[in-house]
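Just below is one structure, and these are the notes that go with it.
The values are calculated or read from the model by the stated rules, or taken from the named source; none is laboratory data. Predicted model only: the values in this text are computed from it and were never measured. Methodologically, a virtual Cβ is constructed for each residue, glycine included, from the backbone with ideal geometry; neighbour enumeration extends over all protein chains shown.
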Amino acid sequence: MSGTAPAMHVLANGVRLVVLPKPEAQTCQVSIFIRCGSGHERRSRNGIGHVIEHMAFKGTATRDARRINLDAERLGAEVNAHTDKDHTAFHMRGLAAHAPLLLRMLADIVLGATFPAGEFEQERDVLLHEFTEDADDPMSTAFKLFDRAAWGLHPLAQPVIGTRANIERFSRDDLVDHVAQHYTGANLVVAVAGPTDADTLLRDTEAAFGAMATGAPNLLQPPAWGGGVRTRSMAGSSQTHLVLGFPVPPMQADDPTASLAAALLGEGMSSPLMDQLRERRGLVYYAACSADLVDSGGQFVIEASTGPEQLDDCLDALAGLVTAQASAIAPIDLERAKNQMRVRRLRGLEKTGRRLEEAALDALLLGRLRDRAEALARIDALDADALRTLFGRMAASTAALAATGRVPRATSDNARRRLAAQGLAV
């Protein structure tokens, strides 16, 4: 392994090492990604991955929680972790010279976490506080309802944070069993960015992870799209929070059309979403659009917050914007969206953490590293017909809509009528 281009090497047990050379940098980032998220959890274990993310730092066979933190911080290293629907990741960022040491420390956390019972009971209270804060957030609640409307009982519809009952019930044995089942070589990527020597990193990775059981890939069945309207009134909110969405191809499709469509519809103040809803009509202060692509599932998502007295007008406008793009794409909007995506992707290449995550997920979900120049060329090659076709398919699918906060009576039936009147299937 040599040169300056991103490279991937696969160990005999399936563990992949991804190296992003950055010879100009003085720091490095070392991350471990596991193909294990809330989408891989059965209902009785929903939220266990998020608990494991917290508890992994509470002790290993050789270090307690304070020593784990001190070992990193005495080097000036930053430590972080996150759990998502299709993966969990652990990160350390520090001096380039410390890359081998950071890798060994992360390996100790991922492979050797002991989940001490005393620490677990204390951390359970922290997790319950986090759950309550999330449950009190109307937009977070809207996204959870939206996922249920879109994907029903499929595991990808489960919230990463889990349920209160599960958090209260999980035992240390549950955590140990889940890790043993899912944290295997076939589901793990070691990703390193910095001015590091790839051959040395390969030897270090082999030493740390070479004895790991291979296991089987954690595969997800694609969810069937449902759609429909879900609402929840929440005391203390003066606004109505909306999440509207449609099915699009998953990450494995490696198709940039949905991402370009999201940029075209809702990126920037001059986009149709912000220009029509905020600048011209004053229906929202905040609105956004994204293509959320994960392992085996994809959602085209529009989110907005409006006053309950403006809800009808906002629903009409949102539905009308989608159907309008299915009829015609303004050339200036297509130009704007392509340039915005180009700048965003090029900026992403300059952000070590984001670039490293993209490469690691490429390795996990696609089995290869995508060429970034080729990806930009594919975006440039998309034309108005491709976008019109996608918006047409979305309009013809069954829309999923969630509304939370201050929700007027009969919002569900009213929303169905208004979306249908604008040409959306509900």
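So is Asp137 free of Cβ contacts under 8 Å to residues at least 24 places away in the same chain and of a type outside the set (S, T, N, Q) or not?
yes
Scanning for something under 27 Å from the mean Cα position of the chain (by Cα) and either exposed (fewer than 15 other Cβ atoms within 10 Å of the Cβ) or part of a loop (DSSP other than H, G, I, E, B) (or both), does the stretch 407-420 turn up at least one residue?
no
Go through the stretch 67-185 and tell me which helices (runs of 4 or more DSSP H), entirely inside it, have 2 or more residues that are under 30 Å from Gly228 (Cα atoms) and touching a helix residue (DSSP H, G or I) at 6+ places or on another chain (Cβ under 7 Å).
Per the criteria, 117-135, 138-151, 164-169.
Among the numbered criteria (1) buried (at least 21 other Cβ atoms within 10 Å of the Cβ); (2) over 17 Å from Arg232 (Cα atoms); (3) of a type in the set (Gly, Ala, Ser), which one does Ser171 miss?
Every listed condition holds for Ser171 apart from (1).
Consider Ser397 carefully, then state whether it is at pLDDT 95 or above, of a type in the set (Ser, Thr, Tyr) and closer than 20 Å to Val294 by Cα.
yes
Provide a single number: the residues in the stretch 347-382 that are more than 30 Å from His241 (Cβ to Cβ) and either in contact (Cβ under 8 Å) with a residue 12 or more places away in the chain or surrounded by 13 or more Cβ atoms within 10 Å (Cβ to Cβ) (or both).
Residues in the stretch 347-382 being more than 30 Å from His241 (Cβ to Cβ) and either in contact (Cβ under 8 Å) with a residue 12 or more places away in the chain or surrounded by 13 or more Cβ atoms within 10 Å (Cβ to Cβ) (or both): 21 in total.
Do any strands (runs of 3 or more DSSP E) lying entirely in the stretch 200-315 carry at least 2 residues that are within 19 Å of the chain's Cα centre (by Cα) and in contact (Cβ under 8 Å) with a residue 24 or more places away in the chain, and which ones are they?
In the stretch 200-315, the matching strands (runs of 3 or more DSSP E) lie at 240-247, 286-294, 297-306.
Just one of Ser271, Ser233, Ser259, Ser296 is touching a Cys at 6+ places or on another chain (Cβ under 9 Å) and not acidic (Asp, Glu); which is it?
Ser271
Residues in the stretch 186-194: is at least one at pLDDT 95 or above and part of a helix (DSSP H, G or I)?
Yes, the stretch 186-194 contains a residue that is at pLDDT 95 or above and part of a helix (DSSP H, G or I).
Name, by its number, the condition in (1) touching a helix residue (DSSP H, G or I) at 6+ places or on another chain (Cβ under 8 Å); (2) not in a loop (DSSP other than H, G, I, E, B) that does not hold for Ile329.
Single failed check for Ile329: (2).
So His50 passes all but one of these: (1) part of a loop (DSSP other than H, G, I, E, B); (2) touching a strand residue (DSSP E or B) at 6+ places or on another chain (Cβ under 8 Å); (3) surrounded by 13 or more Cβ atoms within 10 Å (Cβ to Cβ). Which condition number does it fail?
Only one criterion in (1) part of a loop (DSSP other than H, G, I, E, B); (2) touching a strand residue (DSSP E or B) at 6+ places or on another chain (Cβ under 8 Å); (3) surrounded by 13 or more Cβ atoms within 10 Å (Cβ to Cβ) is unmet by His50, namely (1).
Of the conditions (1) out of contact with any Cys (no Cβ under 6 Å at 6 or more places or on another chain); (2) at pLDDT 95 or above, Gly266 fails just one. Which one is it?
Status for Gly266: all satisfied but (1).
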